[in-house]
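Taking it in order: structure first as structure tokens, then the write-up.
The values are calculated or read from the model by the stated rules, or taken from the named source; none is laboratory data. This is a predicted model, so every value here is computed, not measured. Cβ coordinates were reconstructed from backbone atoms using ideal geometry, including for glycine residues, and neighbour counts include every protein chain displayed.
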Amino acid sequence: MGNTFKTAFLLTAMTLLLMIVGRAFGGQRGMLMALIFAAVINFVSYFFSDKIALAMYRAQPVSREDLPRVYNIVERLSQKVGLPMPKVYLIPNDSPNAFATGRNPNHASVAVTQGILGLLNDEELEGVLAHELGHVRNRDILISSVAATIAGAITYLAHIARWGMIFGGYGGDRSERRGDGGGLAGLLMIFLAPLAATLIQLAVSRSREYSADDTGAHWTGNPYALASALAKIDAYSRRLPLVATPSTAHLFIIAPFLGGISFGNLFSTHPPTAKRIERLTGRPAEFTQ
């Protein structure tokens, strides 16, 4: 029920934010158009956010025959804890990482990168996949997928508005029609929209990693394997980063690299890896972050 409420809150907050942006740029008509747009985005984010996230990273579905090592671990863990078998995807990227997505356990997907397969041994890989299935069991994959889709949409709209103001927002007639206050409000929303999207995203993402770590470690009975996997992925990802968008960074087990300068670089969607390892093993991590 907690995550259901959070999802409803997130959808409502994003809708209100879009309406404020619409009001700033187009008055009552702009607010109505923003409301319609928000309804479409909410629908798409609820039913198709998982497909959008998978497509963004060119993830390909795999069968037992294609990737028996991963498929068999996911199947065994799912049966052990009573979860429906999720779809398994492979991301063609040499940087090690993984994420789970979907709106509920019956429509869940687990994706791993090519790079994680060569980096981890079987116990470590099992720990990572148990962590991802922990997200599925904890039912936080919906809220994380919805956050990714809506935050991405708002950021995209803000970028469009920013370029629109640069190339066409300084005409005299427009200034007179909207007034200086409206222009200032519009300018503020261009920069505040991505920031607000990021903050709402962060409000629902950080604690979920600790929870999934705990769940995964409990299911495997081997917290040290997951801790070892986190240390390896974190270290290797620094040398060969997976470039991700700020709106989807929170999906991954280890925070990927956010290319360029953006609001997403100012905030972390993940707890420090060292703290996650310390919680799992009861000892300080042997590396610094």
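Numbers for the structure displayed
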read-out: Tally of residues being at pLDDT 95 or above, more than 17 Å from the chain's Cα centre (by Cα) and not small (Gly, Ala, Ser) across segment 96-128; value: 11
read-out: Failed criterion for Tyr89 (all others in (1) out of contact with any Ser or Thr (no Cβ under 9 Å at 6 or more places or on another chain); (2) modelled with pLDDT of 95 or more; (3) not polar (S, T, N, Q) hold); value: (1)
read-out: Residue within segment 36-52 that is under 23 Å from Ala212 (Cα atoms), surrounded by fewer than 21 Cβ atoms within 10 Å (Cβ to Cβ) and modelled with pLDDT of 85 or more present; value: yes
read-out: Cross-chain or 6+ apart pairs with Cβ under 6 Å, segment 52-75 first and of a type in the set (S, T, N, Q), then surrounded by 12 or more Cβ atoms within 10 Å (Cβ to Cβ); value: Gln60/Leu90
read-out: Close pairs from segment 10-26: first in contact (Cβ under 8 Å) with a residue 24 or more places away in the chain, partner of a type in the set (S, T, N, Q) and in a helix (DSSP H, G or I), Cβ under 8 Å, at least 6 apart; value: Leu11/Asn42; Leu11/Ser45; Met14/Asn42; Thr15/Asn42
read-out: Among (1) within 17 Å of the chain's Cα centre (by Cα); (2) under 30 Å from Gly22 (Cα atoms) - the single one Arg58 does not satisfy; value: (2)
read-out: Selection status of Gly26, in the same structural domain as Asn97 (by TED's automatic domain parsing) and of a type in the set (Gly, Ala, Ser); value: no
read-out: Selection within segment 115-150 - among the polar types (S, T, N, Q) and either touching a Gly at 6+ places or on another chain (Cβ under 8 Å) or not in a helix (DSSP H, G or I) (or both); value: Asn121, Asn138, Ser145
read-out: Residues being surrounded by fewer than 24 Cβ atoms within 10 Å (Cβ to Cβ) and more than 22 Å from Pro241 (Cα to Cα) - total across segment 103-119; value: 6
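Yes/no per residue for (1) of a type in the set (Gly, Ala, Ser); (2) surrounded by fewer than 22 Cβ atoms within 10 Å (Cβ to Cβ); (3) in a loop (DSSP other than H, G, I, E, B); (4) modelled with pLDDT under 90:
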{"residue": "Arg177", "(1), (2), (3), (4)": "no, yes, no, yes"}
{"residue": "Ala217", "(1), (2), (3), (4)": "yes, no, no, no"}
{"residue": "Tyr224", "(1), (2), (3), (4)": "no, yes, no, no"}
{"residue": "Ala227", "(1), (2), (3), (4)": "yes, no, no, no"}
{"residue": "Ala274", "(1), (2), (3), (4)": "yes, yes, no, no"}
{"residue": "Ile277", "(1), (2), (3), (4)": "no, no, no, no"}
